[in-house]
Structures are given as structure tokens and as C-alpha cells.
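Rule-based calculations on the coordinates, nothing more; no lab input. Because the structure is predicted, anything quoted here is derived from the model rather than measured. Using ideal geometry, Cβ is built from the backbone for each residue, glycine included, and neighbour counts are taken over all protein chains shown.
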Amino acid sequence: MATVQQDDQQNVGRFPRFYKTSLIIGLSELCERVAYYGIVSNMALFTTSLCFPRLYHEPTTFTYIFTGFAYVLTIVGGWLADAVLSRFWTILGSLGVYFVGTVFLILSSYFCGHDQPPAVPVSLYVTGLCLVAVGTGGSKSNLGLYGAGQLGDFSENLNRRLKAYFHWYYWCINVGAAIADLGVAYLQEINSLHGYVVICLAVFLAGVVFVIGKRWYAPDEEKEEVLSIVGGILRASRHAQRPRQRASGGWMERWLDRANESRAVEEVDDVKQLFSLLWIFLCLILYFTLYSQMRTTFLFQSQRLRLPKFGGTEGMDGVFLNVFNAATILLMIPVMHWLVYPWMARMGRELTSLERMGIGMLLSVGSIVAAALVEVYRRQQVQEGNCVTQHISRHTIQAADMTVFVQIPQFLLSGMSEVMTMVTGYYFAYTQAPLRARGTVMGLLLLMWGLGSYVSLGLSSLFNAISYRMTGKRWFPVELNDGRAEWFFLFLAVFMLLNTLFFVFLAQRYKYKTYKRRRLLSDIGTAAEQT
């Protein structure tokens with residue numbers, strides 16, 4: 001109970017502890033996302049540069065493999081924090097590996113400009129990406145989770161605090177993404193070496209900010225529970241040595257038997273809960289497949305539309321359009337959190353977590369359909385000869401004479417979808433996960449993101465195989481002007497609609513777990529004294 005009293009005291013005042021820890025975790029995540037999206041935004045440009053042999057000039061495949069690998073490793077990072085290390089040291093160690101990976105990226109860019117054999121920058125770059133993926137896996141699955149664990153499990157307003165926390169946590173993620181797309185990506189267009197130095201500094205700053213907050217962090221929940229169990233057993237053993245206790249005979253054995261029975265029931269319930277969550281999460285694989293198009297296919301489409309000019313020079317290669325997605329999220333989060341959701345609650349129609357996620361899935365279908373419509377008119381302009389020539393990163397591209405801003409609807413819909421599905425997904429995973437498996441469950445949620453990237457590769461290959469068999473041509477080549485990418489977008493939309501119907505079926509049968517903290521055996525010493 002002392003821990004509870006200390007937590008209550010720390011959460012009283014003009015600036016309670018959970019505000020401080022939430023701010024620190026948000027800033028740390030912001031810096032880490034600047035680094036991650038800085039790497040992803042530059043990947044297509046860097047891997048198609050003269051330093052890389054023609055073999056590696058497959059930017060879509062490269063991006064999908066890296067993203068998938070990074071998010072697949074999140075389940076390993078979550079399990080490490082749950083079962084092996086504390087969450088704090090898992091995060092700090094992962095950021096350390098992340099930092100070393102960005103140093104390799106700097107070296108790769110440096111040797112790229114010094115007439116080295118292609119094997120040198122390529123090997124350094126791939127090694128750096130592997131280390132960054134490992135660092136992402138450990139930090140991404142635990143950083144937001146660690147911040148949520150600081151909010152205090154005994155607060156009457158815990159549910160409200162958790163919803164607010166995950167909204168603003170995701171807001172910080174997108175501030176980092178916007179900085180990467182506007183600032184870091186532009187710097188890399190000018191000088192890739194300087195861009196990677198900034199990325200390295202961002203990771204270092206993420207670690208420094210995280211460590212600064214240690215003075216306010218509460219102990220890891222699982223570690224605290226273990227300590228309470230050990231302390232209770234020690235107190236009980238002291239009481240068991242009294243003659244009165246020994247005469248009564250076997251009180252501790254009976255108590256432990258009852259505790260073990262209760263624990264066994266809890267473990268069975270936890271397993272059932274994990275299976276229910278797994279079915280829900282599996283439906284998110286296709287959602288992340290559609291989401292992955294935003295930083296791959298949508299960008300290739302951007303390059304083949306008329307880009308604006310800045311200062312008389314060609315605009316960036318369309319990466320800046322991701323800012324529309326980020327700006328939508330930055331705007332929609334406060335609107336939804338402060339206006340829409342409270343208004344619906346007052347009207348007596350508060351949406352459940354799964355209802356919000358389902359609406360987000362439908363919005364993602366709208367985004368991909370909007371992209372298909374743009375592609376139809378874009379390709380028609382190219383076929384009619386209404387083209388402009390654009391020079392992007394030493395590449396000459398024939399683009400339709402249509403402004404790139406026609407893509408705004410698809411990016412806006414994608415951003416709205418993220419607010420409904422991904423923000424709610426973090427909250428849902430945290431509140432519905434068994435206490436001792438929160439990191440694993442959060443890693444499982446993010447694993448779906450990685451699998452979505454791999455499914456993107458599989459579906460694009462399947463689509464090309466079908467189109468080649470039907471027409472003798474691949475409809476989704478790297479050069480979109482030579483294909484029929486609108487049919488690929490519609491191909492994804494049909495799959496997503498079927499997937500959403502299955503998600504609705506599961507959501508109607510899902511039983512929500514009431515979120516509360518289970519303090520196991522914490523009062524064993526008191527029970528011994530009362531026996």
C-alpha cells in the first residue's frame with residue numbers, strides 16, 4: 001500500500017508526475033520517429049543512387065522488406081521486456097543498438113561519395129538497416145507502453161487518462177513524421193551524409209530525453225509485483241515461526257493452494273484473451289497493407305504528377321505530400337478527442353474501440369479508391385501526350401500535366417483512418433492485454449504492421465502474375481506509366497472490404513475485459529498475521 005500512497009502523492013500538484021512522464025515519453029518517441037521516417041523517406045532515393053548496383057534498384061521491395069523486418073521484431077522486443085529484462089532497460093538498450101545502426105548509415109553515405117567499390121557502401125547500409133530494425137523492434141513495442149504504465153493503476157480516471165495519453169502519444173509520432181518529411185528528407189535531397197548525421201543525432205537525443213525522465217518513472221509493473229510477492233512471503237515466513245502459527249498447522253500451504261488455484265484460472269483466462277486479441281489483430285494485416293501504400297506507391301504516383309517548384313527548382317520527389325497525411329492527424333486528434341468523442345458520449349452513442357477501428361478500416365478503403373481515381377485520369381493524360389518532364393534525383397520522369405495536389409483526398413482519408421484505427425489500436429491492445437503480456441501483445445499488434453508490408457509484396461506479385469497471364473503484361477511495374485496501377489488499387493480495396501466484414505463479425509462477438517490492476521499476493525504478510 002505504500003507504493004499506492006507514494007503514487008497518489010506524486011500525482012497531486014500543479015504538474016503531476018504522469019504529466020511529466022507522458023511529456024518525456026512523447027518527446028523521446030518524437031525524436032525516434034524523426035530518425036525512422038527520415039530513413040524510410042530517403043530509402044528509395046539512396047538505394048537507386050550510383051553507389052548501388054542495378055540489382056538493388058527496387059525501392060518498393062527494399063522499403064517493404066525493411067519496414068516488415070523492423071515491425072516483425074517488435075514482438076521480440078515486447079517479449080524481452082515482459083519475460084527477460086525490465087521495460088526501461090529494454091528501451092534503453094534498443095535505442096543504443098539503433099544509434100549504432102545510424103552510425104553505419106553515416107559511414108555508408110560517406111564512402112558512397114569517395115569512389116569506393118559498390119560492395120562497401122552497400123554492406124554498410126544493409127548492416128545499418130538491420131541494426132536500426134533491431135532497435136526499432138525493442139523501442140517501438142515498449143516506449144508507448146512504458147509511458148501508459150506511468151499513469152497510475154489506481155486512478156478513478158484511468159480510462160480517460162489512457163485514451164488521452166494514446167491520442168497525444170500518436171500526435172507526437174506524427175510531429176516526428178512531419179519533421180522527417182519536411183526537414184530531413186529535404187536535407188537528404190541536398191546532401192545524404194548531412195541527412196544521416198541529423199538522423200543519428202535524433203536517435204541520440206531520443207535516448208538522452210528518455211534517461212532524463214528516470215527520476216520520475218515508476219517501477220515496472222511486473223517487477224513491482226514480483227517484489228511484493230517476495231516481500232509478502234518473507235513476512236509470512238517470519239509469522240509462521242511463531243508457536244501459535246505452527247500449532248495451527250499448514251495455514252500457509254492452504255493459502256498458497258487457494259492462490260495457485262486462482263492463478264491457474266487467471267492464466268486460462270489470459271490464454272483465451274490472447275487468442276481473442278490475435279483474431280482481431282489478424283484483421284489488421286490488410287489494413288497495414290493499404291497503409292504501406294502511402295509511403296511507396298502513393299509516392300511513385302506523386303513523382304508522375306506535376307510537382308510544384310520552389311525557388312525556381314524542381315520540387316521534392318513527392319515525399320512532402322506525406323505532410324498532408326501528418327497534418328490531418330495532427331488536426332484530427334484534438335478535434336476527435338476534445339469535440340467529436342465527448343459530443344457522441346453526451347448523445348448517448350459512445351463508440352467502442354472496435355467500432356472506431358472498423359470505421360477507420362472503411363476510411364482506408366476510401367483512400368485507396370481515391371488513389372485509383374487519380375491514377376485513371378493521370379494515366380489518361382500521359383497517353384494523350386499531356387506530359388511534363390521532371391528531373392528527380394538524377395532520374396528523368398514523364399509526369400502527367402496534373403497538379404500533384406489532386407492526391408490530397410487520398411492522404412486526408414488515410415490520415416483520418418489512422419486516427420480511428422491506429423490510435424485506438426494502441427489503447428485497445430494496452431487495456432485488453434493480460435498484465436504480464438502487455439509488451440508481447442503490443443509487439444503482436446505492431447507485428448501485423450510488418451506482416452502487412454510483406455503481404456503488399458505478395459499481393460503485388462499475385463496481381464502481376466494474374467495480369468501477365470491474362471494480357472501478357474504486368475499491370476503493376478515500377479514505372480507506373482507502363483502499367484495499370486488503378487486496377488491494383490481496386491484489387492486491394494476489394495480485399496479490404498471483405499476483411500472489414502470479417503472484422504465486424506469478430507467485433508460483434510468480442511467480450512471486452514474490464515481493465516483493472518491485479519496485485520498478486522501483495523497482502524500475504526497481512527493474511528499471515530490475521531490467520
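Within 9 Å, Cβ to Cβ, of residue 202, how many net charges do the neighbouring residues add up to if Lys/Arg are +1 and Asp/Glu are -1?
Value of the local net charge: 0.
Give the calculated FRET efficiency between residue 465 and residue 215 to the nearest 0.05, with a Förster radius of 60 Å applied to their Cβ-Cβ distance. Don't jump to the answer; show the numbers that get you there.
Working: r = 57 Å, r/R0 = 0.96.
Efficiency, rounded to the nearest 0.05: 0.55.
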Point to revise | Global size of the range 16-223 as Cα Rg and Dmax, reported in angstrom | key: 17.9, 64
**Study point:** Spin-label model distance (nm) - residue 349 vs residue 473, 7 Å beyond Cα toward Cβ
**Key:** 4.7 nm
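Output the relative contact order of the range 16-223, whole-number percent, from Cα pairs under 8 angstrom with separation of 6+ residues. Mind dumping the intermediate values first?
Values: 290 pairs, mean separation 83.8, N = 208.
Relative contact order comes out at 40 percent.
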**Study point:** Cα pair distances in the range 377-453, grouped into 10 Å bins until the bin that holds the longest one, percent each
**Key:** 15, 26, 20, 19, 14, 5, 0
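How much length is gained if the chain between residue 335 and residue 119 is pulled fully straight, taking 0.36 nm per residue apart and subtracting their Cα-Cα distance, in nm to one decimal? Intermediate values should be presented prior to the final figure.
On the way: separation 216, 0.36 × 216 = 77.76 nm, distance 4.99 nm.
Separation in residues times 0.36 nm, less the Cα-Cα distance, equals 72.8 nm.
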Check your understanding: How far, in nm, would the chain grow between residue 49 and residue 270 when pulled straight, counting 0.36 nm per residue and subtracting the alpha carbon separation?
Key -> 74.6 nm
**Study point:** When each of 163/511; 163/513; 309/473; 214/272; 20/511 is checked by Cα-Cα distance, pairs over 24 Å
**Key:** 309/473; 214/272; 20/511
